[in-house]
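Below you'll find the structure, written out as structure tokens, and then a few comments.
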Amino acid sequence: MTGSDLVMYEEEFRKIDTELQKLHKQSNSKVIFLVDKNGQLIASAGETHDIDTTSLASLTAGNIAATGGIARLLGEKEFTILFHEGEKDNIHISLIGQRIILVVIFDSRSSLGLVRLRVKKASEALGRIFEEITQKVDKEKGEGTLDESIFAEISDEDIDNLFR
Amino acid sequence: MSFINYSSREINCKIVYYGPGLCGKTTNLQYVYRRTNPDQKGKLISLATETERTLFFDFLPLALGDIRGFKIRFHLYTVPGQVFYAASRKLILKGVDGVVFVADSQIERMDSNIESLDDLKINLAEQGYDLEKLPYIIQYNKRDLPNVVPVEDMDKLLNPRKVPWFEGVAVTGKGVFETLKAVARQVLFELKKHY
């Protein structure tokens, strides 16, 4: 593995959650998702109960990956914002750094302009938090203090139990 | 590139099923989907053409259980096997933790198997991965058909690294869970090496 596994800690998760709640409120949006570029859901805010969040995360990442592929064909580095307009709901997708995707779903109670403005502010804050996480992981890996107990003792029996 | 979430106590890993067109990648996922408890699986998403050929990918999230209080989740993906979807295949390999190569055992598909395996190595290399080092399992699929190549010969042809392999008949489920379990095992033991 490439050593760039994504790790999320309690403390940073709370900070991220606070930012998402703030963005949810300020942008007047319905739902907000934070997704890893590989399709893993990291966090969400708003009315998520009716939505298959795992599928949404994977498809969004596929969407960003395909758009990134198109960008490279055209000689662009990346298209950092995608916008899908529907009859009722709209989706605003943007990249934070090179790793994280911010998805905002909103309807007529908000507007594209407002969402763009608020997303820009939130992206800066979220970018900083992910920077902190990266530094923390590097530090802990360097010191060898990363919580070893989960993996150190994984046995064949554990794996057999998963497939029972 | 797994996602280890200490906050929600989850570990997410990505497994990609690779192989030539019509070798049975989607069929593997469909069988896993059918045979998994509803509370352990999400929706099986297939981005396919009208003729049910995979266009972009299939996706199946599985939450199989816990290890030391951490929920272990596997995200299974297939790639589109047809040669001209090369650009899409490359994208799906991003962040992969383990690969299953599904080979078609029919004698006339041996060239396609070799071509697909070469394609896999190239696409992995472009993402900075080395097939020699990645958790990797081979499934020799379609063993129920009359015109198949002996497994020993296929192994000589497709498996120089001598990774674990399984005979499969994905439509009936033969070898499907054995394959998945083997790759899951390798992925988790790889994590153990790194943390």
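Results for (1) within 11 Å of chain B (Cβ to nearest Cβ); (2) at pLDDT 85 or above; (3) surrounded by 14 or more Cβ atoms within 10 Å (Cβ to Cβ); (4) closer than 24 Å to B:Ile4 by Cβ, shown as yes or no for each residue.
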| residue | (1), (2), (3), (4) |
| --- | --- |
| A:Leu114 | no, yes, yes, no |
| A:Lys139 | no, yes, no, yes |
| A:Glu143 | no, no, no, yes |
| A:Glu157 | yes, yes, no, yes |
I'm trying to understand the selection: among the residues of the range A:38-52, which are more than 7 Å from every other protein chain (Cβ to nearest Cβ) and surrounded by 16 or more Cβ atoms within 10 Å (Cβ to Cβ)?
A:Leu41, A:Ile42, A:Ala43, A:Ser44, A:Ala45, A:Gly46, A:Thr48
Go through (1) assigned to a helix (DSSP H, G or I); (2) modelled with pLDDT of 95 or more; (3) within 11 Å of chain A (Cβ to nearest Cβ); (4) farther than 22 Å from B:Gly21 by Cβ and name the single condition B:Leu180 misses.
(4)
Subset of the range A:26-37 that is assigned to a loop (DSSP other than H, G, I, E, B) and in contact with a Gly (Cβ under 8 Å, 6 or more places away or on another chain) - its residue that is farthest from the other protein chains (Cβ to nearest Cβ)
A:Ser29
Test A:Ile42 against the stated conditions and say whether it is β-branched (Val, Ile, Thr) and outside any helix (DSSP H, G or I).
yes
Quick one: would you say B:Thr54 is under 17 Å from the mean Cα position of the chain (by Cα), surrounded by 20 or more Cβ atoms within 10 Å (Cβ to Cβ) and more than 13 Å from chain A (Cβ to nearest Cβ)?
no
Out of A:Ala66, A:Ala57, I need the residue that is free of Cβ contacts under 8 Å to residues at least 60 places away in the same chain and more than 8 Å from every other protein chain (Cβ to nearest Cβ). Which one?
A:Ala57
Across (1) modelled with pLDDT of 95 or more; (2) under 14 Å from the mean Cα position of the chain (by Cα); (3) over 18 Å from B:Tyr31 (Cβ atoms), B:Gly95 clears everything bar (1)
Taking B:Leu91 as the residue in question, decide whether it is within 28 Å of B:Leu145 (Cα to Cα) and aliphatic (A, V, I, L, M).
no
Within the range A:70-86, take every residue that is in a loop (DSSP other than H, G, I, E, B) and within 21 Å of the chain's Cα centre (by Cα) and give me the one that is farthest from A:Ile101 (Cα to Cα).
A:Lys77
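Select, from A:Val31, A:Val7, A:Val103, the only residue that is under 23 Å from A:Gln135 (Cα atoms) and among the aliphatic types (A, V, I, L, M).
Testing whether each residue is under 23 Å from A:Gln135 (Cα atoms) and among the aliphatic types (A, V, I, L, M) leaves just A:Val7.
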Candidates B:Lys192, B:Lys121, filtered to the one that is assigned to a helix (DSSP H, G or I), within 14 Å of chain A (Cβ to nearest Cβ) and surrounded by fewer than 17 Cβ atoms within 10 Å (Cβ to Cβ):
B:Lys192
Sole residue being facing chain A (nearest Cβ under 9 Å), over 28 Å from A:Asp50 (Cβ atoms) and crowded, with 24+ Cβ neighbours inside 10 Å, chosen from B:Asp97, B:Asp104
B:Asp97
B:Asp104: passes all of (1) within 13 Å of the chain's Cα centre (by Cα); (2) touching a residue at least 60 places away in the same chain (Cβ under 8 Å) but (1)
Please tell me if B:Gly128 is at pLDDT below 95 and part of a strand (DSSP E or B).
no
Out of (1) surrounded by fewer than 23 Cβ atoms within 10 Å (Cβ to Cβ); (2) more than 20 Å from B:Ser2 (Cβ to Cβ), the one B:Ser116 does not meet is (1)
Say whether the condition of being free of Cβ contacts under 8 Å to residues at least 40 places away in the same chain, of a type in the set (Val, Ile, Thr) and under 28 Å from A:Thr60 (Cβ atoms) is met by at least one residue in the range B:144-164.
no
Collect the residues in the range A:101-112 that are loosely packed, with under 15 Cβ neighbours inside 10 Å and either touching a His at 6+ places or on another chain (Cβ under 8 Å) or assigned to a helix (DSSP H, G or I) (or both), keeping them in residue-number order.
A:Leu112
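The values are calculated or read from the model by the stated rules, or taken from the named source; none is laboratory data. Just so it is clear, the structure is predicted and the values come from calculations on it, not from any experiment. Virtual Cβ from ideal backbone geometry, glycine too; neighbours counted across all protein chains shown.
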